[in-house]
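Written out below as structure tokens is the structure these notes cover.
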Amino acid sequence: MSESGTGSGARASRPRERLLARCALLAAVAAVVALFVPFGSGGLLIVVSGLLGLVLCASGTWWFLAHRGPVRFLGALLAAGAPVGLLVLYIQGGLWPTALLSLGLWLVALLCARAALPRPRRHRPAAPAARPLRPVLLMNPKSGGGKVERFGLVERAEALGARVVLLGPPDGGGQADVEALARQAVADGADLLGVAGGDGTQALVAAVAAEHDLPFLVISAGTRNHFAMDLGLDRTDPARCLDALTDGEELRVDLGEVAGRPFVNTVSFGVYADVVQRPEYRDAKAGTALNAMPELLAGGEGGGRLDAEADGTTLRAQQALLVSNNPYVSPDPLGGGRRPRLDRGELGVIGVRVEGAAQAADLAVRGSQSAGLNVLTARRVEVTAEGDTLPVAVDGEALTLETPVLCTLRPRALRVLVPRDRPGTTPPPAPLNWSRIVVLAFGPRGENHARAQQRAAERLSGGAVG
């Protein structure tokens, strides 16, 4: 499937957008009216108690993460009890029909508003690619729980003319030197490098491919495959990625660097990086994180605060910092966020600083508008902390780097070969802005205005991939 979009006609979509915007406003007004008209002051009680329940739940979650012993137990009770208490209040007070009706109307308003906003057109032109003659693919048999064997990737690749190098532990223990194997493949005449493995392994081989200006093939045989997802590849069947060897096209994407080491997704500092450094993390991720949180969030041993300079913007005393190869569409890349583009030439930066239950509640209520969350973009990020070294997680791999740690980006340095027929990605919607909904519903008509709305959506979201 080609990813270069043609864009829909602005004139044809305009009546639909206007209708959806008006439906969104009507549903939002109805949600407010439903709270106050039929049952008098019950609506005010629903609003106040709902906000209070959200604050108590966020505060309880903070106490659960940041403390041990009785305080942690109390936090767990509060986090779980707040929503239960709200439900009991609404049922006992006979307010649940009003609350349910208002919530349903508000969901309709949000759905209509999202649908009314014009999506950015697909904007990732792919160039035709010649079939590689001497492709070399490095495969990690243990990656993704054994996906290489489960999907028959070795046999399928060799049938398509590729040479496969299986990664395994060398005599000295530890994972084989992936970068050295990639360089040897280039020296032996490879005209394409590819990897079936995790994102950390992908990054190492991608750097060698970029250095020699060779096409790079991503095979989604890792656990999460974030890079493959943002390239629009099939994560459910990694064998489909091999179709690029016979019917592929080429994309130019950015490649991140942290202290001279490549990364394709993210570099994490602070709480998450400290947790993944611990030897017990791989066998007990949740338990390790829970045990480490109190010291890390309090800034104790191993949890020193971070300072960062992002293109002249200073972020002080951050508990956690995430730098990504191009910005995510929402400040939650670990929870399923996506990068709409991989060729903007900008790093995404997300900093978190929460000092107590009050700020945790503020973050829960205000989201990205909270003072505890900083979301920005930059071309250069320098991270410093107390001490000469800093724990860092690079594409999920635990490292220790000397401070200051410098993150940069090599724009469009990587040639990625992808199958012509692939799932692709859906262009993300523009950020929800109710003033734009009002303009769409009652503003000036005409094709020029619709095109202006389309351009505004593309600017706000930074474009999209197909």
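Every number here is computed from the coordinates shown, using simple stated rules; none is lab data. These numbers come from a predicted model, not from an experiment. Counting neighbours? That spans all protein chains shown, and the Cβs are built from the backbone with ideal geometry, glycine included.
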Amide H proximity to LEU401 below 5 Å, modelled H, separation 5+ or other chain, gives LEU390, VAL392
Distance in nm between LEU51 and VAL375 label points, each 7 Å along Cα→Cβ, equals 2.2 nm
Expected sort for 152-161, 237-246 on mean C-beta neighbours within 10 Å, highest first, is 237-246, 152-161
Counting sequence-distant residues (5 or more places) and residues on other chains, those with an amide H built under 5 Å from that of GLY256 are PHE263, ARG410
By the mean-Cβ-within-10 Å protection proxy, highest first, 434-441, 228-235 rank as 228-235, 434-441
Per the rule of 0.36 nm per residue minus the C-alpha distance, extending LEU160 to VAL186 adds in nm 7.5 nm
In whole Hz, the Karplus estimates of ³J(HN,Hα) for region 86-99 (6.51, -1.76, 1.60; θ = phi - 60°; x where Gly or Pro) are 4, 4, 4, 4, 5, 6, 5, x, x, 9, 5, x, 5, 4
Sequence order, region 17-22: Karplus ³J(HN,Hα) from phi using 6.51 cos²θ - 1.76 cosθ + 1.60, θ = phi - 60°, Hz rounded, Gly and Pro as x, gives 4, 5, 5, 5, 5, 5
Heads up, region 186-258 by the C-alpha gyration tensor (a ≥ b ≥ c square roots of eigenvalues; a/c under 1.5 rounded, else a/b over b/c prolate, else oblate) looks oblate
Region 194-266 and region 59-112 have their Cα centres apart by a whole-number Å value of 41 Å
